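This is the structure, below, for whatever I ask next.
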Amino acid sequence: MKLEGKVAVVTGGARGIGRAICHRYAAEGAWVVVADLNEAECKRVAAGLGKTALGVGVDITSQDSIDAMVKTVVAECGGIDILVNNAGVFDMGPLLEVTHESYRKVFAVNVEGLFFTLQAVANQMVAQGRGGKIINFASQAGRRGEALVAVYCASKAAVISLTQSCGLALAKDRINVNGIAPGVIDTPMWDQVDALFAKYENLPLGEKKKQVGLAVPYGRMGTPGDMTGMAVFLASADSDYIVAQTYNVDGGNWMS
C-alpha cells in the first residue's frame, strides 16, 4: 500500500497505460481520479475501481476544462498529491506532407496540454504545502528522430525537456517532477500507429507491430501493466530524492 491516503489524478486514464495505472494505484491504496476526454468511459473505469475512485471528464487543450477538473478533484477529494500526465495523441507522415493541422494537434495535447495541466496541479500542490509527485509520459520517440514521425518525436522530446525544467523549478516546494519514456507498448494507440505504418511503408496490417515487437531486446512489445511499477515508484516516497529524470521502460530499446 505504497500510496495509501494519496489522491492521484491520471489523465488519459480511461484506456491503455492510463487505465492500467489507475488500477495499480487503487491497489496501492490511492484515491484515484480517472481523468479523460471520454467522460463516459472514465466514469465507467472509476466505477469499476470502487468507492475510492472518481471519473472526471477533461479536455487538456482547454484551460477552462483543466481548471474545472482541478476544482472538482479538490472539492471531492480534498486535494491532489499525484499527477500522471499520460494523455497523448499520435500522428505521422512523410516530412514534406505534414500539415499545420496535424502539427498543432500533436503539440496542443502532448506539450501544451501536458504543461498547463502540470502548472494547474502544481499551483494546487504549492497551495496545499505538502509537496507532491508529478509524472510525465514521454516516449522512446523523444530520445531520437524518426523519418516518418518528426512531429511526434519532437513533442516527446519537449516532454523530456519540460520534465527537467519543471523538476528544477518545483523541487524547492518538494514537488518531484519525473518522467517515464515507454518503448513500444501494445495499446489501442499502437493499432493506430501500425495502420499508419502500413499506409506509408506499404505493409500488411499487423506487420509493423510484429516487427517492432521482435526487435525489442526483451523479446516482445510491452504491455500497459509493464508501466505500472515505475509509475508507483515515482509516485511513492521511494522516489523522494529523485528530481527531473525520465526513465526508459522499454525492454532495452534505448540506453541512456
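Enumerate the pairs (first residue in segment 180-202 and surrounded by fewer than 19 Cβ atoms within 10 Å (Cβ to Cβ); second residue anywhere and assigned to a strand (DSSP E or B)) with beta-carbon separation below 9 Å, excluding pairs fewer than 6 apart on the same chain, so at least 6 apart or on different chains.
Sorted first by the residue in segment 180-202, then by its partner, the pairs are ASP186/GLY222.
Scan segment 38-91 for residues that are among the small types (Gly, Ala, Ser), touching a residue at least 60 places away in the same chain (Cβ under 8 Å) and farther than 20 Å from ILE134 by Cβ and jot them down.
Within segment 38-91, none qualify.
If you don't mind, another one. Condition first: within 15 Å of MET69 (Cβ to Cβ) and either crowded, with 24+ Cβ neighbours inside 10 Å or small (Gly, Ala, Ser) (or both). Now tell me which residues in segment 98-117 satisfy that.
Once the filter is applied, which keeps residues that are within 15 Å of MET69 (Cβ to Cβ) and either crowded, with 24+ Cβ neighbours inside 10 Å or small (Gly, Ala, Ser) (or both), segment 98-117 yields GLY113, LEU114, THR117.
Within segment 42-69, work out how many residues are surrounded by fewer than 22 Cβ atoms within 10 Å (Cβ to Cβ) and under 17 Å from the mean Cα position of the chain (by Cα).
3
Still on this structure: Do we find a residue being part of a helix (DSSP H, G or I), acidic (Asp, Glu) and touching a strand residue (DSSP E or B) at 6+ places or on another chain (Cβ under 7 Å) anywhere in segment 223-231?
Yes, the conditions are met somewhere in segment 223-231.
If you check VAL121, VAL193, which single one turns out to be at pLDDT below 95 and out of contact with any Asp or Glu (no Cβ under 9 Å at 6 or more places or on another chain)?
VAL193
To continue, here is another question. Does LEU168 meet the test of being out of contact with any helix residue (DSSP H, G or I) (no Cβ under 9 Å at 6 or more places or on another chain) and either closer than 24 Å to TYR218 by Cβ or exposed (fewer than 14 other Cβ atoms within 10 Å of the Cβ) (or both)?
yes
The values are calculated or read from the model by the stated rules, or taken from the named source; none is laboratory data. As the structure is a computational prediction, the values presented were derived from the model and not from experiment. Note that each Cβ is placed from the backbone with ideal geometry, even for glycine, and that neighbours are counted across all protein chains shown.
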